[in-house]
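Single-structure report; data block below.
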Amino acid sequence: MFSNLAERFEGIFKTLRGHGKITESNVQDALKQVRRALLEADVNYKVVKTFLDEVQTESLGDKVLKSVSPGQQIIKIIHDRLVDLLGGQHRPVRFAKPPSPTIWMMVGLQGSGKTTTCGKLAGRFAKAGRRPHMVAADLARPAAVEQLRTLGRQLNIPVHSGNGNPVDVAVAGVAAATQAGADLIILDTAGRLHVDDDLMAQVTAIKSRVAPTETFFVADAMTGQDAVTSAAAFAERVGIDGVIFTKIDGDARGGAAVSIVRVTGVPILFVGTGEKLDGIEPFHPDRMASRILGMGDVVGLVEKAQEAVDLNQAAQWEQKLRKSQFDFQDFYEQLQQLKKMGPLESVLGMLPGMSKIKGLTIDERAQKRMEAMILSMTVEERRHPELINGSRRLRIAKGSGNSVQDVNRLLKQFAGMQKMIKTMSKGGMKGLPKMPMPF
Amino acid sequence: MRSFFNRLKEGLTKTQKALAGQIKEVLGLAPAIDDALFEQIETALIGADCGLSVAEELIERLKKRCAKEKTAESSAVLGFIKDEMKTILTEGRGAETSAAPATPMVMIFVGVNGVGKTTSIGKIGCHYTQAGQRVIFAAADTFRAAAGEQLEIWAERANAQLVGSTAGGDPAAVAFDAVQAAKSRGIPHVLIDTAGRLHSKSNLMAELAKIRRTVDKALGPAGGTVEVLLVMDATTGQNGLAQAAEFTKVAGVNGIVLTKLDGTAKGGIVLAIAHQLKIPVRWVGIGEGIDDLETFDPDEFVQALFD
């Protein structure tokens, strides 16, 4: 649906080769494409306008006009300015001075992910050695308290709540948590629309009574143009110190991040990256800028790989690759580690330009069939594929529910891969082994 | 009871002020029909989350119409926009049958996380029970903490029967049980709650496809109607299109429930979806109360937007 900004620029500047000079109007065309990209990414149109006005002068500078690759230059300028904008306010999350406990309070619209984020933050900081407690003051949504209690049970973190007025419940909950020795109290509040005066007054009352260390505005990455209105209203009426940007594990470009930071002037501190309780990460302005411009997330991919791949084993593989001893057993283990990074499609989606290639779908079932075939081999066969003769092939085919042709194809692909590795390893490989896949 | 029109109008007050006000202001300030006027209208449409391509298409249509009808009055342009928006929304209605759908009517509610699936089920269920029809809710969101409890509370409020589940259970099995129960008890409406899932997660989408297949199977040769409703938050931006496309691919979406339209969000993505995917909006959520959800009427929607 969205094409890469770099690809679009190519079109604009390609026609210029042979024509000599880049003119101001070429640059204007390029900036129009930037506008398109930003709007498609859901950056608010007013924010887009002021942002482009700001970068215009720089884009028309000598550096671009005289450059060999003006498209790249402009992209770099835009990218850098976006990073500045998103990261300009950056700071670490704040804690209160002991002995008073740190209090973090969540506010936001319905369905932005406040309750889940409470659980994630509590889990993350419990692991970091703090003693978090959670307070459930969302008495509006049915079973919201129960949801937080369930998360608390899963994380083994105490949850305080009560009945009656949410303001009193919040105050009493925070007091109870403090009494119980919490050094970090995470306060969940009900989702509310910024146009609902009564509920906005209520959350403001909670804030002034509880006096949180940080008040986080929890916002959904899929939000469109309206992000500016709701964020500005929460910032103005309630007062917010930071933003938590949720659901960025989807494919939304997340332009709302730019809008929110721009209108509120507060930093994004964390991003929510999945439904599981460990799905929370610090915010990286550079990655978000690349994402908004549709440039892929190479850094994220490398980090994911580092988390999933056992480094010792990777070193072993590299040794084996060098000596061309890489066999089915190693291949199978590598496949398992790759799977830990998530569905292959989403992993590939993080590569620039890959996400939108039509027809690039990984057939997970084909991958499973391949695994079944490898698992139907004896250890001896996995180590020495050359042993696999006709009758062994038949056995493997039967054992894995495939045809002999499938087994033949796998063996052929694997042989081809080994050959490729041989060539590559002659060129010298550093760091992580490449992850060769026979499809 | 207030009429739908009034309620929608109330719910859309902010929307009106924002979008219609903006367009009206544009038209009021700019007496001549020129490019600057069209550009301002385009900006207003983009600001309403209609998306660039729909905004551009609308402007194209407007320009043609202005040229054809030789309009010199900018005030007439407002009428044209309304017409064109209605056309897009009605194009997306699809073929509607006048015959009553076969029962049981199974509605599967799908969507990304936090859009209001469970709440919509509560409200739509209430709509049927208030009309004297019996309803079963199926708690097939076995993933999110306390989702089952949330639906249980809604079942009590709406006076609906409930097929519950255990956390971490098989959602397709819950859906199957609910359809079986409806068949044996002769209940005409089954509303299935599913876990929120991002459309980009293939494993979760496969799970949804299984729920759909299971429902088809459970209905069996005796038949019934299956309606897959995509619940979407009015604040959703351009990602809404990708959501609609993916959920349609996996589960065959028949209609959209547009929620949280009582804020300042304009829900313009509905136009883009109707335009590109021809999926109609069926229901709109315009408030927090149990009866603040109504069937969608494109005429009234556009009317309420501009009046």
Residue that is surrounded by the fewest Cβ atoms within 10 Å (Cβ to Cβ), among those in the range A:26-80 that are of a type in the set (S, T, Y) and not in a helix (DSSP H, G or I): A:S69
Within the range B:165-270, strands (runs of 3 or more DSSP E) holding 3 or more residues that are within 14 Å of chain A (Cβ to nearest Cβ): B:225-233, B:255-259
Per-region count, the range B:116-133, residues closer than 20 Å to B:V174 by Cβ and of a type in the set (A, V, I, L, M): 2
Hits in the range A:231-258 - residues which are in contact with a strand residue (DSSP E or B) (Cβ under 6 Å, 6 or more places away or on another chain) and of a type outside the set (A, V, I, L, M, F, W, C): A:D241, A:G242, A:T246, A:K247
Residue within the range B:104-120 that is away from chain A (no Cβ under 14 Å) and part of a loop (DSSP other than H, G, I, E, B) present: yes
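Say whether the condition of being of a type in the set (V, I, T) and under 22 Å from B:D299 (Cβ atoms) is met by at least one residue in the range B:243-251. Step through it out loud before you land on a result.
Initially, the range B:243-251 is screened for residues of a type in the set (V, I, T), giving B:248, B:250.
Okay, now just the ones that are also under 22 Å from B:D299 (Cβ atoms), so none.
Checked the range B:243-251: no residue is of a type in the set (V, I, T) and under 22 Å from B:D299 (Cβ atoms).
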Residue match in the range A:92-110 (condition: at pLDDT below 95, within 14 Å of chain B (Cβ to nearest Cβ) and surrounded by fewer than 17 Cβ atoms within 10 Å (Cβ to Cβ)): no
Near pairs, Cβ below 6 angstrom, 6+ apart or cross-chain, from the range A:135-159 (touching a residue at least 40 places away in the same chain (Cβ under 8 Å) and within 9 Å of another protein chain (Cβ to nearest Cβ)) to any residue that is assigned to a helix (DSSP H, G or I) and of a type outside the set (V, I, T): A:L151/A:G119
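Right, B:T236: within 30 Å of B:Q133 (Cβ to Cβ) and of a type in the set (S, T, Y) or not? If you could, list the steps in order and put the result at the bottom.
Values: within 30 Å of B:Q133 (Cβ to Cβ): no; of a type in the set (S, T, Y): yes.
So B:T236 does not fit the description; no.
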B:I286 being surrounded by fewer than 20 Cβ atoms within 10 Å (Cβ to Cβ) and more than 10 Å from chain A (Cβ to nearest Cβ): no
Residue within the range A:194-205 that is touching an Asp or Glu at 6+ places or on another chain (Cβ under 8 Å), of a type in the set (A, V, I, L, M), within 10 Å of another protein chain (Cβ to nearest Cβ) and not in a strand (DSSP E or B) present: yes
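Can we say A:T229 is within 25 Å of A:H133 (Cα to Cα) and among the β-branched types (V, I, T)?
Working: within 25 Å of A:H133 (Cα to Cα): no; among the β-branched types (V, I, T): yes.
No, not satisfied.
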Residues satisfying the stated conditions in the range A:206-218, i.e. surrounded by fewer than 24 Cβ atoms within 10 Å (Cβ to Cβ) and either at positive phi or within 14 Å of chain B (Cβ to nearest Cβ) (or both): A:A211
Qualifying residue in the range A:206-215 (condition: assigned to a helix (DSSP H, G or I), in contact (Cβ under 8 Å) with a residue 60 or more places away in the chain and in contact with a Ser or Thr (Cβ under 7 Å, 6 or more places away or on another chain)): yes
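For the range B:149-164, what are the residues that are within 20 Å of B:V231 (Cβ to Cβ) and more than 9 Å from chain A (Cβ to nearest Cβ)? First the steps, then the outcome.
So the first thing to find is which residues in the range B:149-164 are within 20 Å of B:V231 (Cβ to Cβ), and the list is B:149-155, B:157-158, B:160, B:162-163.
Selection gives B:A155, B:A158, B:A160, B:L162, B:V163.
Filter the range B:139-148 down to the residues that are within 12 Å of chain A (Cβ to nearest Cβ) and touching a residue at least 24 places away in the same chain (Cβ under 8 Å), then identify the one that is surrounded by the fewest Cβ atoms within 10 Å (Cβ to Cβ). Write out each step before concluding.
Quick first cut of the range B:139-148, residues within 12 Å of chain A (Cβ to nearest Cβ) only: B:139, B:141, B:143-148.
Those left that are additionally touching a residue at least 24 places away in the same chain (Cβ under 8 Å): B:139, B:141, B:143-144, B:147.
Values: B:A139: 29, B:D141: 25, B:F143: 18, B:R144: 21, B:A147: 25.
Ranking the candidates gives B:F143 first.
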Residue within the range A:379-386 that is of a type in the set (A, V, I, L, M), touching a residue at least 40 places away in the same chain (Cβ under 8 Å) and surrounded by fewer than 14 Cβ atoms within 10 Å (Cβ to Cβ) present: yes
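What about A:D286, is it of a type in the set (D, E), within 26 Å of A:Q147 (Cα to Cα) and at pLDDT below 95? Write out each step before concluding.
On the way: of a type in the set (D, E): yes; within 26 Å of A:Q147 (Cα to Cα): no; at pLDDT below 95: yes.
Criteria not met by A:D286.
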Scope the range A:265-286; condition surrounded by 20 or more Cβ atoms within 10 Å (Cβ to Cβ) and part of a strand (DSSP E or B); matching residues: A:I268, A:L269, A:F270, A:V271, A:G272, A:I280
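Take the conditions part of a helix (DSSP H, G or I), out of contact with any strand residue (DSSP E or B) (no Cβ under 7 Å at 6 or more places or on another chain), more than 8 Å from chain B (Cβ to nearest Cβ) and closer than 21 Å to B:A265 by Cβ and apply them to A:V228. Does it pass? Even if it seems obvious, please write down each step before you answer.
On the way: part of a helix (DSSP H, G or I): yes; out of contact with any strand residue (DSSP E or B) (no Cβ under 7 Å at 6 or more places or on another chain): yes; more than 8 Å from chain B (Cβ to nearest Cβ): yes; closer than 21 Å to B:A265 by Cβ: yes.
When the stated conditions are applied, A:V228 passes them.
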Check on A:D168, surrounded by fewer than 18 Cβ atoms within 10 Å (Cβ to Cβ), within 14 Å of another protein chain (Cβ to nearest Cβ) and part of a helix (DSSP H, G or I): no
Some residue of the range A:236-250 being within 11 Å of chain B (Cβ to nearest Cβ), outside any strand (DSSP E or B) and at pLDDT 95 or above: no
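Residue by residue, here is whether (1) farther than 21 Å from B:M232 by Cβ; (2) among the hydroxyl-bearing types (S, T, Y); (3) at pLDDT below 85 holds:
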site	(1), (2), (3)
B:T43	yes, yes, no
B:A76	yes, no, yes
B:E91	no, no, yes
B:A140	no, no, no
Scan of the range B:123-138 for residues that are closer than 16 Å to B:Q180 by Cβ and surrounded by fewer than 24 Cβ atoms within 10 Å (Cβ to Cβ), ordered by number: B:R134
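Do you know which residues across the range A:248-262 are in contact with a Leu (Cβ under 7 Å, 6 or more places away or on another chain) and farther than 17 Å from A:Y45 by Cα? Please lay out each step first, then the result.
Residues of the range A:248-262 that are in contact with a Leu (Cβ under 7 Å, 6 or more places away or on another chain), as a first pass: A:249-250, A:255, A:257-258, A:261-262.
Matches in the range A:248-262: A:D249, A:G250.
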In the range A:208-233, the residues that are of a type in the set (A, V, I, L, M, F, W, C) and touching a His at 6+ places or on another chain (Cβ under 6 Å): A:A233
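The values are calculated or read from the model by the stated rules, or taken from the named source; none is laboratory data. Here the structure is a predicted model, which means the values were calculated and not measured. Reconstructed Cβ throughout: ideal geometry from the backbone, glycine too, with neighbour counts over all protein chains shown.
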